[in-house]
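Structure first, then comments.
The values are calculated or read from the model by the stated rules, or taken from the named source; none is laboratory data. These numbers come from a predicted model, not from an experiment. Here the Cβ is made from the backbone with ideal geometry for all residues, glycine too, and neighbour counts use every protein chain on show. The area values use the complete protein model at the heavy-atom level, side chains included, leaving out ligands, DNA and RNA. Shrake-Rupley method; radii C 1.70, N 1.55, O 1.52, S 1.80 Å.
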Amino acid sequence: MPKALLLENIHPDAAKSLRDHGFEVETMKGALSEDELIDALDGVDVVGVRSKTNVTRRVLEARPTLSAVGCFCIGTNQVDLGFAGEQGIAVFNAPYSNTRSVVELVLCDIICLMRRIPAHTHHLKHGVWDKTATGSHEVRGKTLGIIGYGNIGSQLSVLAEALGMRVVFYDLEEKLALGNAHRCATLNELLEQSDAVTIHVDGRKSNTGFFGEDQFAHMKQDAIFINASRGFVADLGALKQHLDSGHLSGAAVDVFPVEPKKTGDPFETALADEDNMILTPHIGGSTLEAQEAIGHFVSQRLEDYWEKGSTSLSVNLPQINLGANRGVARIAHLHANLPGVLAHVNRVLGEENINIAAQSLGTEGELGYVVTDVSQRPSKAALEALRSIEGTIRMRVIS
Ligand SMILES: NC(=O)c1ccc[n+]([C@@H]2O[C@H](COP(=O)([O-])OP(=O)(O)OC[C@H]3O[C@@H](n4cnc5c(N)ncnc54)[C@H](O)[C@@H]3O)[C@@H](O)[C@H]2O)c1
Ligand SMILES: O=C(O)[C@H](O)COP(=O)(O)O
């Protein structure tokens with residue numbers, strides 16, 4: 001029986017689905033350290049993580065029999081994707097399932113900060129009735145600057161315009177501007193005109209420290225700042241300085257450079273004493289709707305990969321969307337993307353007088369992936385010959 005390990009309080013529907021597909025499933029509420037993860041992965045075929053569990057090269061080297069990693073979230077920066085690919089370990093994520101939840105949190109942040117709700121709440125909780133319009137604004141007519149116009153940023157663009165905001169955005173890639181959104185040629189062009197700046201870039205390593213002193217200094221007087229991307233993207237020390245100086249009027253931070261591994265662990269931040277400040281514990285994607293959708297989506301990807309060899313929507317292997325096996329057995333052969341491997345696979349099968357019922361090939365970068373439905377189960381000698389083909393990374397027989 002294949003074994004799955006699900007960490008970080010992944011929605012229970014994922015465990016149910018995997019059990020319904022014949023997996024033995026172990027679940028844990030929190031994330032694990034590298035050593036704990038190596039220990040926990042003993043005998044595990046597929047592992048589910050969220051944003052806190054780092055599936056590093058060292059973990060993958062220690063557990064080479066691991067077959068797949070499911071990121072039950074959007075971000076995959078916590079996984080060494082390149083090495084996982086070299087090891088033939090498929091990685092999947094849920095690219096869309098929690099994007100709306102993030103958008104709604106950020107809209108909430110924008111309106112609350114523009115009306116100074118955190119400051120008013122703090123004052124009332126401490127017995128101060130501070131009824132004033134000073135520093136409070138409608139969002140209608142204000143300019144929202146979206147950094148990173150991807151699945152989250154572009155959805156936010158549409159909903160912010162529906163609130164009457166003017167939207168500008170900055171992205172490294174060419175993007176279709178939705179509605180009346182205006183693309184800024186440079187980040188500074190966005191910063192200099194935005195009343196609210198929100199970051200929705202991905203967690204690629206090159207985004208570490210992306211938004212620091214220089215970027216904060218370019219922001220408009222009394223602007224607000226929001227980060228719901230990754231904690232390592234923004235310099236919170238610089239943010240605090242620009243809040244304390246009165247340059248910025250408020251901020252919302254949902255992601256932090258260092259975050260606890262599980263609910264209930266202690267957490268401290270120097271931003272705690274800022275009055276117009278919204279602090280949330282990385283809950284942008286944490287709605288019941290999003291987590292349920294993610295649980296179904298990623299468990300389905302893991303099941304399809306395990307049962308059919310399908311790599312559709314994998315983030316690190318050549319994508320082949322496979323239906324049911326059309327032969328007696330299915331041979332999934334992942335290899336270095338070299339000339340002649342496919343021919344060699346078919347030569348071995350031909351020499352064993354094994355007919356091919358169906359075959360799919362995908363290549364991407366350094367990797368090639370061929371899935372062959374065969375008319376009979378290959379002999380041990382044939383399987384050994386297939387595994388011995390130069391460039392073979394991993395081969396699995398699915399029946
Ligand atoms: N707070 C949360 O709970 C939460 C929830 C979901 C996602 N996230 C984070 O939000 C990120 C974005 O999610 P998404 O679905 O919109 O991803 P996405 O990949 O669809 O969009 C990211 C966009 O950022 C752009 N980008 C990357 N680096 C950039 C840079 N330096 N300057 C300008 N543009 C840059 C990319 O070109 C892309 O268009 C995720 O990668 C994840 O890290 C956080
Ligand atoms: O990458 C993501 O989708 C978000 O950061 C959410 O991460 P989480 O699943 O750990 O809340």
Review point. Counting each DSSP H run of 4 or more residues in the chain as -39500 (n - 2.57), what helix-only mean residue ellipticity at 222 nm follows after dividing by all residues, to the nearest 500 deg cm²/dmol?
Key: -9000 deg cm²/dmol
Practice item. Return the long-range amide H neighbours of Gln359 (sequence gap of 5 or more, or a different chain), with a cut-off of under 5 Å between placed amide H atoms. Key: Asp373
Point to revise | Contour excess over end-to-end distance, with Cα ends at Thr269 and Glu26 and 0.36 nm allotted per residue | key: 84.2 nm
Point to revise | Amide H partners (placed H, <5 Å) of Gly150, local residues excluded | key: none
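Using a/c under 1.5 as the rounded threshold, could you call segment 310-351 rounded, prolate or oblate? The axes a ≥ b ≥ c are square roots of the C-alpha gyration tensor eigenvalues, and prolate needs a/b larger than b/c, oblate otherwise.
Values: a/c = 3.41, a/b = 1.21, b/c = 2.81.
Cα axes put segment 310-351 in the oblate bin.
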Practice item. Tell me the label-point distance for the pair Asp214, Arg57, using the 7 Å Cα-to-Cβ offset, in nm and rounded to one decimal. Key: 2.9
Revision key, fill the gap. P(r) of segment 99-279 over all Cα-Cα pairs, 5 Å bins starting at 0, rounded to whole percent, reads 1, 8, 17, 22, 22, 15, 9, 4, 1, 0, 0
Practice item. Taking amide H positions as placed in the peptide plane 1.01 Å from N, state which residues far from Ala329 in sequence (5 or more) or on other chains have amide H under 5 Å from it. Key: Val374, Gln376
Practice item. With θ set to phi - 60°, apply the Karplus curve 6.51 cos²θ - 1.76 cosθ + 1.60 along segment 376-387 and write out the HN-Hα couplings as whole Hz, x wherever there is a Gly or Pro. Key: 8, 5, x, 6, 4, 5, 5, 5, 5, 5, 5, 5
Point to revise | With 5 Å bins from 0: P(r) over segment 1-157, alpha-carbon pairs, percent | key: 2, 8, 14, 15, 12, 10, 9, 9, 7, 6, 5, 2, 1
Review point. What does the accessible area per residue of the chain come to in Å², with a 1.4 Å probe and no ligands, DNA or RNA counted?
Key: 46
Exercise for review: Go through segment 138-144 residue by residue and turn each phi into a ³J(HN,Hα) via Karplus (6.51, -1.76, 1.60, θ = phi - 60°); whole Hz please, and just put x for glycine and proline.
Suggested key: 6, 7, 4, x, 8, 9, 9
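Taking N as the number of residues in segment 8-70, what value does Rg over Cα atoms divided by 2.2 N^0.38 Å take?
Details: Rg = 11.4 Å, N = 63, 2.2 N^0.38 = 10.6 Å.
That ratio works out to 1.07.
At 0.36 nm per residue, minus the direct Cα-Cα distance, what do Glu161 and Glu174 gain on full extension? Give it in nm, one decimal, please. Mind dumping the intermediate values first?
Numbers: separation 13, 0.36 × 13 = 4.68 nm, distance 2.06 nm.
Between Glu161 and Glu174, full extension yields an extra 2.6 nm.
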Practice item. Report, in degrees rounded to the nearest 10, the 0 to 90 angle that the Cα long axis of helix 341-351 makes with the longest principal axis of the chain. Key: 30
Review point. So which residue, out of Asp373, Asp265, Asp244, gets the largest mean-square fluctuation from a GNM of the chain using Cα contacts under 10 Å as springs?
Key: Asp265
Review point. Going out from 0 in 5 Å bins, what whole percent of all Cα-Cα distances in segment 240-313 drops into each bin?
Key: 3, 12, 16, 14, 13, 11, 10, 7, 6, 5, 2, 0
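Take the solvent-accessible surface of the protein heavy atoms, probe 1.4 Å, and return the percent of it on the chain that carbon and sulfur atoms account for.
Details: 9210 of 18200 Å².
Here carbon and sulfur together make up 51 percent of the probe-accessible area.
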Study note, to complete from the structure: Between the modelled labels at Ser379 and Gln241 (7 Å from Cα along Cα→Cβ) the distance in nm is 7.4
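Mind checking the full-extension length gain between Ile283 and Glu390? Use 0.36 nm per residue of separation minus the Cα-Cα distance, one decimal, nm. Don't skip to the end; give the middle numbers.
Numbers: separation 107, 0.36 × 107 = 38.52 nm, distance 4.64 nm.
The span from Ile283 to Glu390 would gain 33.9 nm if fully extended.
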Review point. Ordered by residue, what ³J(HN,Hα) values in Hz, to whole numbers, does segment 107-114 give under the Karplus form 6.51 cos²θ - 1.76 cosθ + 1.60, where θ = phi - 60° and Gly and Pro are x?
Key: 4, 4, 4, 4, 5, 4, 6, 5
Exercise for review: Find how many whole Å separate the alpha carbon centroid of segment 290-308 from the alpha carbon centroid of segment 339-379.
Suggested key: 27
Review point. In square nanometres, what is the average projected area of the Cα convex hull of the chain?
Key: 21.6
Point to revise | Cα-based shape type of segment 320-398, given that a ≥ b ≥ c are square roots of the gyration tensor eigenvalues and the cut on a/c is 1.5 | key: oblate
